[in-house]
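Undergrad: Sharing a structure below in structure tokens format, with a few things to ask.
The values are calculated or read from the model by the stated rules, or taken from the named source; none is laboratory data. Since the structure is predicted, the reported quantities are computational estimates derived from the model, not experimental observations. Heads up, the Cβs are rebuilt from the backbone with ideal geometry, glycines too, and the neighbour counts pull from every protein chain shown. Keep in mind that these areas ignore ligands, DNA and RNA; they rest on the heavy atoms of the full protein, side chains included. Shrake-Rupley method; radii C 1.70, N 1.55, O 1.52, S 1.80 Å.
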Amino acid sequence: MQEVNDAQKAINKADSKANFFIIFNFYNYRNKYIVISLRTKKKTEKNETFFLKTINNIKMTAKMIDNSWDIKLKEEFNKPYIDELKAFLKTERSQHTVYPKQTEVFNALKLTPFENVKVVILGQDPYHGPNQAHGLSFSVNKGIKPPPSLVNIFKELKSESIGFEIPGHGDLTDWAKQGVLLLNATLTVRAGEPASHQKKGWEKFTDAVIKMISEEKENCVFLLWGNFAKTKISLIDLDKHLVLTAAHPSPLAGGAFFGSKHFSKTNAYLISKNLAPINWNL
């Protein structure tokens, strides 16, 4: 890591008689330079190790999401399995096409900061076709034909008589900005190979996100569609939150998703808790 190497050089050059060491312009975070200092009477191996560990931790969290999730997930980002996951993804991207692109992997968290989360819609894998996935469950980039599951989601919304008009695109970013966390259990996938990045560490990470929302927030709505999503019920405190389950919106479910009325039920619950409802129109 170049930043850590630079930090080491700066420490080595520091005046051993100084009361503290300071590295300026270590990392540009939210367009502001972080200044890190370590108060010490002398340069020792123990102090240097602590100093570099502090820098590593700030570098890890600063680069990931750029909102309140950075602090909330700081400990999670520094667990050993994350290093293993990063190594796996580095190899995958060097040998295969991986979706979504690297800058969009954490889009669900970037667009829906922790304090804004009101609804969680859990998916399983990102879409594995070209230009589809952009880091939000069930959502696709503008200009890409909505996949069958999303088409059925729109049909259900239309049938609920809440003023929803089916849009000419499948980009759900507006939902995310209103507090709908569109979270896939696995945040990456190899092109053309569904489930190819399952059991590599992502599930531990996204389970931690779900559990954190359950433990630290209240009055959230969790929409769990399909058997896989329903396995996450054990992570959610049912006394504090509303959990709605249904069949998966995929056509493979034979239309069992229709009639669930999850969108109108979600808004009724939010209103009952004095929270603003979601405008589902896109």
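Undergrad: For the stretch 60-150, which helices (runs of 4 or more DSSP H) that fit wholly inside it have 2 or more residues that are touching a residue at least 24 places away in the same chain (Cβ under 8 Å)? Write out each step before concluding.
TA: Details: elements: 69-72, 74-77, 80-95, 107-111.
It comes to 69-72, 80-95, 107-111.
Undergrad: Limited to the stretch 268-279, what total is found for residues that are buried (at least 18 other Cβ atoms within 10 Å of the Cβ) and either under 16 Å from Leu172 (Cβ atoms) or under 23 Å from the mean Cα position of the chain (by Cα) (or both)?
TA: To start, the set of residues in the stretch 268-279 that are buried (at least 18 other Cβ atoms within 10 Å of the Cβ) comprises 269-270, 278.
Filter once more, keeping what is either under 16 Å from Leu172 (Cβ atoms) or under 23 Å from the mean Cα position of the chain (by Cα) (or both): 270, 278.
Number satisfying all stated conditions: 2.
Every residue, every condition in (1) of a type in the set (Lys, Arg); (2) open to solvent by less than 60 Å² (accessible area, probe 1.4 Å), yes or no:
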| residue | (1), (2) |
| --- | --- |
| Arg93 | yes, no |
| Gln102 | no, no |
| Thr112 | no, yes |
| Gly135 | no, yes |
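Undergrad: Now for a separate question. Residue check: is Ser139 open to solvent by less than 50 Å² (accessible area, probe 1.4 Å), more than 17 Å from Ala195 (Cα to Cα) and modelled with pLDDT of 95 or more?
TA: Spelling it out, Ser139 is indeed open to solvent by less than 50 Å² (accessible area, probe 1.4 Å), more than 17 Å from Ala195 (Cα to Cα) and modelled with pLDDT of 95 or more.
Undergrad: How many residues are in contact with a Lys or Arg (Cβ under 9 Å, 6 or more places away or on another chain), open to solvent by less than 90 Å² (accessible area, probe 1.4 Å) and charged (D, E, K, R) when one looks only at the stretch 73-91?
TA: The total comes to 2.
Undergrad: Ok, one more. Any residue that is outside any loop (DSSP other than H, G, I, E, B) and among the acidic types (Asp, Glu) - is there at least one of those in the stretch 157-171?
TA: Pass one, the stretch 157-171, residues outside any loop (DSSP other than H, G, I, E, B): 157-159.
Okay, now just the ones that are also among the acidic types (Asp, Glu), so none.
Within the stretch 157-171 (the criterion being outside any loop (DSSP other than H, G, I, E, B) and among the acidic types (Asp, Glu)), the answer is no, since none of the residues qualifies.
Undergrad: When the stretch 174-192 is examined, which residues are found to be out of contact with any Asp or Glu (no Cβ under 7 Å at 6 or more places or on another chain), surrounded by fewer than 21 Cβ atoms within 10 Å (Cβ to Cβ) and closer than 30 Å to Gln95 by Cα?
TA: Listed by number, the residues that qualify are Ala191, Gly192.
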